[in-house]
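Okay, structure first, notes after.
Here, each number is a calculation from the coordinates, and none is a lab measurement. What you are looking at is a predicted structure, and each value in this text was computed from that prediction instead of being measured. Note that each Cβ is placed from the backbone with ideal geometry, even for glycine, and that neighbours are counted across all protein chains shown.
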């Protein structure tokens with residue numbers, strides 16, 4: 001699980017203030033912290049196709065390049081949240097940041113969509129940027145990006161964005177690839193039996209679900225950990241994109257005994273899905289990371305669909321991206 005190390009922390013969507021801060025926001029717990037600004041849900045005309053999701057994501061980048069801040073703002077949900085290495089941004093904070101951004105070129109690749117339900121979808125991709133923020137050149141990338149699009153009152157808008165600067169995976173870890181890959185299997189060892197509590201179906205409390213996942217990781221209980229992940233689960237980390245099997249394999253090799261989780265915030269996606277964000281801290285060399293997980297109801301049980309980790313940095317954000325966009329540690333923020 002290599003990074004689930006930090007999954008759901010370095011394993012591979014807190015509360016930000018109206019203006020960017022250099023650390024994650026301190027939001028309330030899952031139930032009490034569910035964003036109250038979610039618009040009244042309306043019946044969807046159907047799920048957003050991958051082609052349509054990609055078109056919307058590219059459109060947000062085009063608006064940034066054109067400096068059309070009114071059009072860009074119109075594509076973001078009122079409760080939009082973006083995680084970056086430098087900070088956590090809400091909609092107003094991001095709009096303030098991007099006005100000092102000058103993006104001249106964006107190259108996309110490795111698109112993949114994961115439907116959440118008829119009113120929400122996840123989109124992951126890779127990108128390279130050319131541009132400056134306040135005259136300072138932004139790291140070109142590549143970046144591993146994730147966006148969540150939701151149907152609000154009949155209109156599809158960006159709710160979440162996270163961006164992590166890619167880095168080469170240390171040998172013998174797998175190299176980053178466009179599609180989920182399989183991490184090297186951990187050496188054989190006896191796994192502790194999953195406890196009845198860990199095996200209980202997770203509920204709609206995303207923060208509590210995430211904490212249960214970490215309990216399984218700390219006990220190196222791969223079976224319990226796997227029970228929380230959807231079959232199509234994807235983990236996005238700086239060193240690669242991993243599927244469920246790859247993430248589960250890493251549980252037994254990661255020492256999470258000193259993991260400290262804080263700054264919890266939950267954003268409601270719809271009645272059957274939620275995004276939880278938090279800060280994860282480990283002793284050096286890992287340090288602090290900003291993490292996000294999307295949970296959804298599947299077959300009567302809440303399961304994790306996606307997790308992403310971004311190393312935290314005190315460096316000012318420098319890039320901006322459309323739908324929710326942000327950059328990893330010393331990387332630019334996007335969107």
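State the percent of C-alpha pairs, over all pairs in segment 86-132, separated by a distance greater than 13 angstrom.
The share of Cα pairs beyond 13 Å in segment 86-132 comes to 72 percent.
The listed peptides 209-220, 109-120, ordered by packing as a protection proxy, come out as 209-220, 109-120 (highest mean of other Cβ atoms within 10 Å first). Ranked by the mean number of other Cβ atoms within 10 Å per residue, highest first, peptides 202-208, 242-248, 49-55 order as 242-248, 202-208, 49-55.
Quickly rank 90-96, 303-309 as a protection proxy: mean count of other C-beta atoms within 10 Å, highest first.
Going from most to least packed, we get 303-309, 90-96.
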